[in-house]
Amino acid sequence: MAADPKPLKLWDRDRGKTVEEFMPDHQTTYETRPLRAPGQWLRATPLFDKLYALYQDAPWTRRSIEPFVREYHIDMSEFEQRRYRSYADWFVREFKPGRRRFPEDPRQMGAPAEARYFGWERFGPEQRIPVKGQSLAAPDILGNAERAKPFLGGPVLLMRLSPVDYHHVHYPDDGRTLDHERLGRSIWTVAWTAVQNKPDIYIRNERQVNILETEHFGQLGFVEFGALTVGRIVQRHSLDQPFVRGAQKSVFKFGGSAVAIFGEPGAWRPADDILAHTPQGMETIVRLGEPVATSLRGA
């Protein structure tokens, strides 16, 4: 049974207040039981994603850019000024140099994505990420129990990128990639209303699992999730090369998407405002590079 989409209540860190957000989407994004929507099944297939991507990359889709910018008050002065060849090209727009900065303090983890954040301080062996009476387990998300083992009892950040966001992901610290694997196949929406009613979305969706060794935050289980019409996660940085704080890691091609970071016990702690609003089911809007966690190493 479909329901009209309702605005989400979010905590806007920069404005210091609660705001409401409403994103455009197809009605079946908000199905109370997405598995029963035939249209949702079709849109969740990789083939549909590829065909839709081709459509959005067509030159005539440029006409959709200005109305979207106007309706959602996107400040285009923050982005590189150039002529976009299509809506899909505009979707992966990049900030002008210097518009976003990562913390100078190496103990502060800068936000790897401009997104809406949930955070948990400890993720115990028997604990699961709560999703409205349902749950998600670290071994399911990371691919297996052995890979998840170092992160049990550690912190977690879960970030959702909305369609209006900058869809590039950056490295939160200096380091190197120890392991990586591509998992999943479907491409369900990660809109919070859909996730509440289909809690296995994050483990059914196509995702890229990376185990990162970082200088100040220890090992990170860094997972990039594809989502409805954004199954193509393009790695911009070679995974066999060291990376530096703030460098671009990947880009999500068109649509909504999500990223999760699992940490080792005692390595770092999510930011206070994220921790305070998560139990209320309220995401915190965070800009790229803003502090989202603090290292506890040597504290």
Odd one out for PRO270, checked against (1) out of contact with any Leu (no Cβ under 8 Å at 6 or more places or on another chain); (2) under 21 Å from TRP11 (Cβ atoms); (3) modelled with pLDDT of 95 or more = (1)
Name, by its number, the condition in (1) at pLDDT 90 or above; (2) open to solvent by less than 20 Å² (accessible area, probe 1.4 Å) that does not hold for PHE123.
-> (1)
Can we say VAL92 is modelled with pLDDT under 95 and either farther than 28 Å from ASP174 by Cα or among the aromatic types (Phe, Trp, Tyr) (or both)?
-> no
Counting only residues in the stretch 146-181 that are at pLDDT 95 or above and of a type in the set (Ser, Thr, Tyr), the one nearest to GLU121 (Cα to Cα) is identified as TYR171
Exception for GLN208 within (1) touching a strand residue (DSSP E or B) at 6+ places or on another chain (Cβ under 7 Å); (2) at pLDDT 90 or above; (3) over 30 Å from VAL19 (Cβ atoms); (4) open to solvent by 10 Å² or more (accessible area, probe 1.4 Å) falls at (2)
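The values are calculated or read from the model by the stated rules, or taken from the named source; none is laboratory data. Every value quoted in this text rests on a predicted model; they were computed, and no experiment measured them. Note that each Cβ is placed from the backbone with ideal geometry, even for glycine, and that neighbours are counted across all protein chains shown. When the accessible area is computed, the model is the full protein with side chains, heavy atoms only, and any ligands, DNA or RNA have been set aside. Shrake-Rupley method; radii C 1.70, N 1.55, O 1.52, S 1.80 Å.
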